[in-house]
1. If you bin every alpha carbon distance in the chain into 20 Å steps from zero, what whole percent lands in each bin?
2. Suppose a student asked you for the relative contact order of the stretch 1-138, using Cα pairs under 8 Å spaced at least 6 residues apart; what percent would you report?
3. Pull out a ≥ b ≥ c, the square roots of the eigenvalues of the alpha-carbon gyration tensor of the stretch 15-169, then state rounded if a/c is under 1.5, prolate if not and a/b is larger than b/c, and oblate in the remaining case.
4. Could you give the size of the charge dipole of the chain about its Cα centre, using +1 on the Cβ of each K and R and -1 on the Cβ of each D and E, expressed in debye and rounded to the nearest 20?
5. Per residue and in cubic angstrom, what volume does the convex hull of the Cα atoms of the stretch 233-355 have?
6. So between Arg145 and Ala58, what do we pick up on full extension, going 0.36 nm a residue minus the alpha carbon distance?
7. What GluC sites (Glu not before Pro) in the stretch 12-75 are in a loop by DSSP, with at most 15 other Cβ atoms within 10 Å of the Cβ?
8. Using alpha carbons only, how many degrees (0 to 90, rounded to 10) separate the axis of helix 10-24 from the longest principal axis of the chain?
Amino acid sequence: MRPARALIDLDALRHNYRLARGLGGGRALAVVKADAYGHGAARCALALQDEADGFAVACIEEALALREAGIHAPILLLEGFFDADELALIVRHDLWTVVHAPWQLEVLERTPLPAPLDVWLKLDSGMHRVGFDAAAYRDAWQRLRALPHVGNIVKMSHFARADELDCTRTGEQLANFAAATEGLPGETSVCNSPALLGWPQARADWARPGLMLYGVSPFAQAHEIAAQLRPVMTLESKVIAVRELPAGEPVGYGARFVTEAPTRIGVVAIGYADGYPQFAVNGTPVAIDGRPGRLAGRVSMDMLTVDLTDHPQAGVGSRVELWGKQVPAAQVVAHSQTSAYRLLCAVKRVPLQHVG
Ligand SMILES: *Cc1c(COP(=O)(O)O)cnc(C)c1O
């Protein structure tokens, strides 16, 4: 069997959820969209089910998969419904929906529902992606409130730049949110992971942590609280071949790495089709049998190459960690022109093994 796999540490996931919830000071929806950022949504949600206040996903397909897996906690659809047909299912499966656009509000107004629906009404406080703008928000809230089949209304918004700790935009968005929702009763929700970690003034009734649950910091720089997160995914494989090369020999596609001295190269069974970044540079950290090592040469679809010169004990069968407990995912991100979000979401083909 191909040795590439992603180990998913569910104890670490629970630890990170508790940290996120504590920082938010209220309740927290665990964001498990996109298959829990590549970690396996059903298994992650089941592991959190006893303590999570609820979950958030991108669409009804993801929500129904969680219900099918036995998740009974509240589930929020972060983009709401994409067409009116979904409403019946949303009510039947007891889901919560975001309402972010006038057309969704109109659909709710003309669709009678058999049971009350809880709605999270989204304000565009400055990201300019989805949400009602400030001028329309109050009216949208009143129209929702007037509907007999609408239950709880949570006021929500989303930050564009909360990962930039010296940027004034998050403060501006917060002020816009406070002004637009002033006097409207009900709970509030604004914090994603970077806001929870870096903007304590943004605390509200409901937090929506995603990335931090998986133990990866959203910040480019070191951060004291983010340092308490525990990595959840360990991506690993094994050495399947070894080359002894003299100085001046190229390795791999495009000869991106050329040996400067006699060099031992190890070939590892994992590649960009598994989600490892294709353009990780020479020197990107890995761990070889638990010791620091480095990538050498361009990543192939199914294999990559590492420098074993300083690892005389290593050979065929040696374990190589690409990121996880020993190699912080953030370091791989820093070497490969990607983001922590995309790094994790890109993981595929390798089997996920959940432990804990
Ligand atoms: C994805 C998402 C989140 C989670 O964001 P992280 O930065 O991963 O914590 C929160 N809220 C909304 C609306 C989202 O789409």
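Bear in mind these aren't lab numbers, they're just calculated from the coordinates by the rules spelled out. Values in this document were obtained by computation on a predicted structure and should not be read as measured data. Cβ placement follows ideal geometry from the backbone for every residue including glycine, while neighbour counts extend to all protein chains displayed.
1. It works out to 29, 48, 20, 3, in whole percents.
2. 15 percent
3. Oblate shape, in that a/c is at least 1.5 and b/c is the bigger or equal ratio.
4. About 560 debye.
5. Taking only Cα atoms, the stretch 233-355 has a hull volume of 94 Å³ per residue.
6. Gain on stretching Arg145 to Ala58: 28.9 nm.
7. Answer by residue number: Glu51.
8. That works out to roughly 40 degrees.
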